[in-house]
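Take this structure, written in structure tokens, and hold onto it; I'll ask about it next.
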Amino acid sequence: MSEGATPASGEAVSATVRQHRAAAPDSVRCAILTISDTRTTETDDGGKTIRERLLASGHQVIDQRILPDDAVAIRDLVATWAEDDAIQAILTTGGTGIAGRDTTYEALVSLLDKRIDGFGELFRMLSFAEVGSAAMLSRAVGGLAGRTVILAMPGSPAGVALAMDRLVIPELGHLAGEAARG
């Protein structure tokens, strides 16, 4: 591998980014929320995918829940988690489409102090390579609520795996480290 390349994606990385990543925490304390009217603990493949990848990468799962597509319930739980110093990042799956019941985007954007627009943009770009123009229907979004990172992914297990492998896992420590700087 060449100097400055990352094993996950092969992209060149500047010296500054390498320094930030080196200073970032190796383990991030996370909460996982699946948003679905139909998923159960047994059928929550998106939540399981997030959990497995976090743990395999050395991160911690502090809490994991499933909620129905209800904007108030989503907002209330995520706001509570964002205020909890034990949680550095909140990762959600589900409810990011455009159907009438998809309210994750509205619930989460209302909590964000700072948006991380690149998360959704890069997710849709990567998704386009796999699913074509249907990628435009995703409202994946990321940002900060105070010093807590929030990343909302689609409900599709393939979409979650794509986001986790190409975006979240490579940058989660870096994101949490930067968020903690205030």
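Bear in mind that the values in this text are calculations on the coordinates, not laboratory data. Treat the numbers as computed from the prediction; the structure is a model and nothing was measured. Cβ sites come from the backbone with ideal geometry, for glycine too, and all protein chains shown count toward neighbours.
Using R₀ = 41 Å, calculate the FRET efficiency as 1/(1 + (r/R₀)^6) where r is the Cβ-Cβ separation of I98 and L55; round to 0.05.
Between I98 and L55 the formula returns 0.80.
Restrict the search to region 18-64; then list the trypsin sites (Lys or Arg not before Pro) that DSSP places in a loop and that have at most 16 other Cβ atoms within 10 Å of their Cβ.
Within region 18-64, no trypsin sites (Lys or Arg not before Pro) qualify (loop, at most 16 other Cβ atoms within 10 Å).
Over the chain, with a single point scatterer placed on each C-alpha, what log10 of the ratio I(q)/I(0) does the Debye formula yield at q = 0.08, 0.13, 0.20 1/Å?
The computed values of log10 I(q)/I(0) come out as -0.23, -0.61, -1.50.
Taking 7 Å along the Cα-to-C-beta vector as the label spot, tell me the D113-T80 distance in nanometres, rounded to one decimal.
Distance between the two pseudo-spin positions: 2.1 nm.
If you average the C-alpha positions of region 12-74 and of region 155-176 separately, how far apart do those two centres end up, in angstrom?
Using only Cα atoms, the two centres lie 8 Å from each other.
Measure off 7 Å from each Cα along the Cα-to-Cβ vector at T40 and V13, then give the distance between these two points in nanometres to one decimal.
4.2
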